[in-house]
Amino acid sequence: MTFSERDIRILSLLYPPFKEMTKRFMVLCWEAGLPVRLTNGLRTFAEQDELLAKGTQVTKAKGGYSYHNYGIAFDICFGNFDDGKTPNPYVEPVAMAWEKCARIGLRCGLQPGYMWTSFQDKPHYQANIKASISDLRSAFLKGGTIGLYDFLNTHEKDSFFLPPSAATLE
C-alpha cells in the first residue's frame, strides 16, 4: 500500500517527529496485512467541541484537552477510506485486527486507545509522553504552535524516537 492523499494531508499537520512514528506504524500495519488508513489527526479546539457535542461514543475530551488538539494523536480505519465509505470497525475480520494494530502501535512507541480500560477507543493512537494535557495546553496558549513545538522539543524529545522494536515485524 501507499499513502493516500487523505493520509498525506493528515500526516502533514502532525507534530513532525510524531508524523514519522505514525508513518512507521502505518507501514508496519501494511506489512502485516492490515490495510489501515488515517481518518483524523490534528483538530482545532472548536472541532473537538463539535465532536464532544455528538456524544461520548466519539470523544470524552473538550477542546484543548485532547492530544488531537496538539498534533500528537491520530485515528485509523481499515480499508479504502478514499472511496467515501468508512468500513464498519466492529465487524469480523476487522474486530480481530484492532489488537494486532495496537501491538504494532506499542512497538512503535505509541499509546493505543485499544489498551485503555476506562474508555476503549480502538481507532485512536497518541504520543506516549510524560507531560500532562495541561502542560500541552499551557505551552500552546502561551506560544501557539511554535511554543508547543518548543515545549515538546525541550521536554519530550526522547518520547518521539522510534524504538528498535519498530524496525521489523518480528
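Just a few scattered comments:
- Contact annotation: residue pairs with Cβ atoms under 8 Å, 6 or more positions apart or on different chains, pairing a residue in the stretch 104-115 that is free of Cβ contacts under 8 Å to residues at least 40 places away in the same chain with a partner that is of a type in the set (S, T, N, Q) and in a strand (DSSP E or B), are GLN111/GLN126; GLY113/GLN126.
- LEU42 vs. criteria under 29 Å from ASP150 (Cα atoms), out of contact with any His (no Cβ under 8 Å at 6 or more places or on another chain) and either of a type outside the set (Phe, Trp, Tyr) or surrounded by fewer than 22 Cβ atoms within 10 Å (Cβ to Cβ) (or both): no
- Considering only residues in the stretch 1-18 that are open to solvent by 60 Å² or more (accessible area, probe 1.4 Å) and either part of a helix (DSSP H, G or I) or in contact with a strand residue (DSSP E or B) (Cβ under 8 Å, 6 or more places away or on another chain) (or both), the one that is farthest from PHE151 (Cα to Cα) turns out to be GLU5.
- Residue tally, condition open to solvent by 50 Å² or more (accessible area, probe 1.4 Å), in a helix (DSSP H, G or I) and in contact (Cβ under 8 Å) with a residue 24 or more places away in the chain, over the stretch 45-77: 1
- Taken over the stretch 111-137, the criterion of being part of a helix (DSSP H, G or I) and out of contact with any Ser or Thr (no Cβ under 9 Å at 6 or more places or on another chain) is satisfied by GLY113, TYR114, MET115, SER134, ASP135, LEU136, ARG137.
- Any hit, the stretch 149-165, residues being at pLDDT 95 or above, assigned to a helix (DSSP H, G or I), among the acidic types (Asp, Glu) and surrounded by fewer than 19 Cβ atoms within 10 Å (Cβ to Cβ): yes
- The single condition from (1) closer than 19 Å to ASN128 by Cβ; (2) assigned to a helix (DSSP H, G or I) that TRP30 fails is (1).
- Residues of the stretch 69-104 that turn out to be on the phi > 0 side of the Ramachandran plot, touching a Phe, Trp or Tyr at 6+ places or on another chain (Cβ under 7 Å) and at pLDDT below 60, as a count: 0
The values are calculated or read from the model by the stated rules, or taken from the named source; none is laboratory data. Bear in mind that the values here come from a model prediction, so they are computed numbers and not experimental data. Cβ: placed from backbone, ideal geometry, glycine included. Neighbour counts: every protein chain shown. Side chains included, ligands, DNA and RNA excluded: accessible areas come from the protein's heavy atoms. Shrake-Rupley method; radii C 1.70, N 1.55, O 1.52, S 1.80 Å.
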